[in-house]
Amino acid sequence: MADDEERDEDEAPEPKSKKSPIILVVVLVIVTLALSVAIAFFVTTKLMSEAAIEQQTAAAQHHDAGIFKQLGDEKEGILVNVGGQKAGKFLKTKIILELNPGKKDVVVEGVVTPIAETKIQDAVLQVLRSSKLDEFDASKQDDLKRKIKDEINGLLGEGTVYDVYITSFLLQ
């Protein structure tokens, strides 16, 4: 019996302790590698999307030289009643639009077509008349310019107006 016990001890399988740490290390390396790839993918796509947005913004801001058109009378500009009829306020302003020369239904040979000019004047007057008095505050001038630009671009097609410049502004 003593011999049987010795044989059992000799025949007993070796513990798996040598293989366990190796498997654990391999699994940890694989998990770490997968996590690193996931983080790299996330960071790269985040940075690439931000770079693409910046590039699109820069491309949208850069354009060919536009055609400049002053609205209203050459000397006086535009004179319009603002704030409603009961307000009794008048706005005298000079507004200059930078128009896209590539819009053939708006600009022909460097000159704004009469139809487009009429539509532009009407749109600008409509924006000015419908604006409230507090919207003519100097701090809100960029909003007013954006409104004018959006209104004309909505009427004549996106990209018609590059920019709006207000060179004179008198509210009485």
>> If I filter region 118-141 down to residues being among the charged types (D, E, K, R) and at pLDDT 90 or above, which single residue comes out as nearest to THR93 (Cα to Cα)?
In response: ASP122
>> Whether any residue in region 76-90 is among the polar types (S, T, N, Q) and in a loop (DSSP other than H, G, I, E, B) is what I want to check.
In response: yes
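So for region 106-122 (the condition being touching a helix residue (DSSP H, G or I) at 6+ places or on another chain (Cβ under 7 Å), crowded, with 18+ Cβ neighbours inside 10 Å and farther than 24 Å from VAL82 by Cα), does at least one residue qualify?
Going through region 106-122, the residues touching a helix residue (DSSP H, G or I) at 6+ places or on another chain (Cβ under 7 Å) turn out to be 106, 116, 119-120.
Restricting the remaining residues to those that are crowded, with 18+ Cβ neighbours inside 10 Å gives 106, 116, 120.
Pick out the ones that are also farther than 24 Å from VAL82 by Cα and you get 106.
So far as region 106-122 goes, yes, one or more of its residues are touching a helix residue (DSSP H, G or I) at 6+ places or on another chain (Cβ under 7 Å), crowded, with 18+ Cβ neighbours inside 10 Å and farther than 24 Å from VAL82 by Cα.
For the structure I just gave you, tell me whether ARG129 is touching a residue at least 40 places away in the same chain (Cβ under 8 Å), of a type in the set (D, E, K, R) and assigned to a helix (DSSP H, G or I).
Details: touching a residue at least 40 places away in the same chain (Cβ under 8 Å): yes; of a type in the set (D, E, K, R): yes; assigned to a helix (DSSP H, G or I): yes.
Spelling it out, ARG129 is indeed touching a residue at least 40 places away in the same chain (Cβ under 8 Å), of a type in the set (D, E, K, R) and assigned to a helix (DSSP H, G or I).
The values are calculated or read from the model by the stated rules, or taken from the named source; none is laboratory data. Remember, it's a predicted structure, so these values are computed and weren't measured experimentally. Here Cβ is always computed from backbone atoms with ideal geometry, including for glycine, and neighbour counts include all displayed protein chains.
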